[in-house]
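First up is the structure itself, then whatever we jot down about it.
The values are calculated or read from the model by the stated rules, or taken from the named source; none is laboratory data. Quick caveat: nothing in here was measured; it's all calculated off a predicted structure. When we count neighbours, we look across all protein chains shown, and the Cβ atoms used for this are built from the backbone with ideal geometry, even at glycine. Quick note on the areas: whole protein, heavy atoms, side chains included, nothing else; ligands and nucleic acids left out. Shrake-Rupley method; radii C 1.70, N 1.55, O 1.52, S 1.80 Å.
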Amino acid sequence: MTAEQLFADAEERLRSGCVAQALRLFDAAEDANYDPDACAAHRWTCHMLAGDFELAWRESDAITSRGKPDPHRFWDGRALEGRHVLLRCLHGLGDTIQFIRYAGLIRERARSLAVEAQPRLKPLLAESRIADHVFTWGEPEPHWDQQIEIVELPRIFRTTLESIPREVPYLHVGSAPPLFPRESFRALRVGIVWAASSYNPERSISLEYFATLFATPGVAFHSLQAGAAAADIESWSKQIVNLHDESATVLRDAQALNELDLLITVDTMIAHLAGALARPVWTLLPDQCDWRWMLGRDDSPWYPTMRLYRQPSTGDWRSIFERVQQDL
């Protein structure tokens with residue numbers, strides 16, 4: 001086989017979840033002179049899926065040593081002790097919510113911490129008091145002498161499965177008027193989200209799958225769906241109450257989650273938000289899922305209150321909903 005063929009075969013094994021075979025083939029492709037950084041990046045994914053975080057950081061170190069670090073890398077390698085640290089949030093909202101858990105570890109070491117957050121997240125992070133200062137894009141920056149992009153934090157702290165900062169909740173909504181009085185509901189209040197962003201269409205599903213749950217006795221369903229897919233509830237207006245406000249910030253969704261008993265959602269920002277708030281959440285995953293959910297687990301070491309439901313095969317959402325319906 002050529003190096004290109006070995007690499008393509010390794011990618012296919014990785015997509016199929018055959019991590020051990022993929023690792024051997026990525027090694028063989030690199031030995032055959034395929035781009036070592038590309039091989040290392042894919043081995044990084046293999047190790048993260050397998051929960052071998054320490055081996056993943058070695059791949060990151062190797063890429064950096066060859067002079068081609070991640071273009072989003074801001075950390076200069078110096079210790080955080082005594083520094084004025086600026087944490088920049090330049091990836092997705094879910095990434096920010098997942099990794100802002102490290103703010104407390106930074107504040108234990110640094111002289112100060114400022115967070116540059118996405119506009120929709122700024123109010124929630126400010127309310128949670130996770131930093132000395134929270135601002136958003138276009139606003140004046142405070143003084144800093146060390147900057148970090150938020151997805152760098154697990155590597156900076158050389159995180160392992162055992163050392164993930166897993167204390168929840170680490171985000172808080174403060175006091176706010178209730179969306180509906182608790183005494184007005186006797187039913188189990190369940191939030192649902194069925195569509196993720198266009199980044200990965202395989203994560204999204206049809207609302208009709210959720211319709212199989214609507215006859216469950218003693219359950220009231222509430223939509224937290226954002227974006228164009230929110231219009232899907234028009235056909236189910238008698239079964240679903242809409243709680244999402246497109247003009248509001250993420251703080252509003254967090255307040256809604258605090259009043260619900262359970263969230264059932266596809267892999268999108270709201271799953272991370274529920275986990276960070278320590279709310280019960282069932283996350284529905286395609287068979288080729290993101291590295292952060294790893295392989296073969298029905299729980300998440302990142303979020304103690306989360307349960308994972310995985311497709312048994314590509315496109316098989318029906319089996320997932322049979323399990324969800326039984327558990328609900």
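Contact map, segment 196-215: first residue on the phi > 0 side of the Ramachandran plot, second residue open to solvent by 50 Å² or more (accessible area, probe 1.4 Å) and assigned to a helix (DSSP H, G or I), Cβ cut-off under 9 Å, separation 6 or more or different chains; the map is empty. Going by the structure shown, is R107 in contact (Cβ under 8 Å) with a residue 24 or more places away in the chain, of a type in the set (D, E, K, R) and either outside any loop (DSSP other than H, G, I, E, B) or over 27 Å from N258 (Cα atoms) (or both)? When the stated conditions are applied, R107 passes them.
Of Q255, Q239, which residue is over 23 Å from G17 (Cβ atoms), in contact with a Phe, Trp or Tyr (Cβ under 6 Å, 6 or more places away or on another chain) and not aliphatic (A, V, I, L, M)?
Matching residue, one of Q255, Q239: Q239.
Given the criteria without any contact (Cβ under 8 Å) to a residue 60 or more places away in the chain and within 28 Å of the chain's Cα centre (by Cα), does E4 qualify? Outline the logic, then answer.
Values: without any contact (Cβ under 8 Å) to a residue 60 or more places away in the chain: yes; within 28 Å of the chain's Cα centre (by Cα): no.
No: the conditions fail for E4.
Look at segment 52-65: where a residue is without any contact (Cβ under 8 Å) to a residue 40 or more places away in the chain and farther than 14 Å from A38 by Cα, no partner that is part of a helix (DSSP H, G or I) and among the aliphatic types (A, V, I, L, M) sits 6+ places away or on another chain with Cβ atoms under 7 Å. Residues being in contact with a Cys (Cβ under 6 Å, 6 or more places away or on another chain) and among the hydrophobic types (A, V, I, L, M, F, W, C) are represented in segment 111-118 by at least one member. Screening the candidates Q255, Q288, Q239 for the property of being closer than 18 Å to L328 by Cα, modelled with pLDDT of 90 or more, open to solvent by 30 Å² or more (accessible area, probe 1.4 Å) and among the polar types (S, T, N, Q) yields one hit, Q239.
Has segment 70-77 got at least one residue that is touching a residue at least 12 places away in the same chain (Cβ under 8 Å) and outside any loop (DSSP other than H, G, I, E, B)? Looking for residues that are touching a residue at least 12 places away in the same chain (Cβ under 8 Å) and outside any loop (DSSP other than H, G, I, E, B), one finds none in segment 70-77, hence no. Considering (1) within 20 Å of the chain's Cα centre (by Cα); (2) of a type in the set (S, T, Y); (3) open to solvent by 10 Å² or more (accessible area, probe 1.4 Å), the lone condition that T283 does not fulfil carries the number (3).
Among the residues examined, L125 does not qualify as buried (at least 18 other Cβ atoms within 10 Å of the Cβ) and either of a type in the set (S, T, Y) or in contact (Cβ under 8 Å) with a residue 60 or more places away in the chain (or both).
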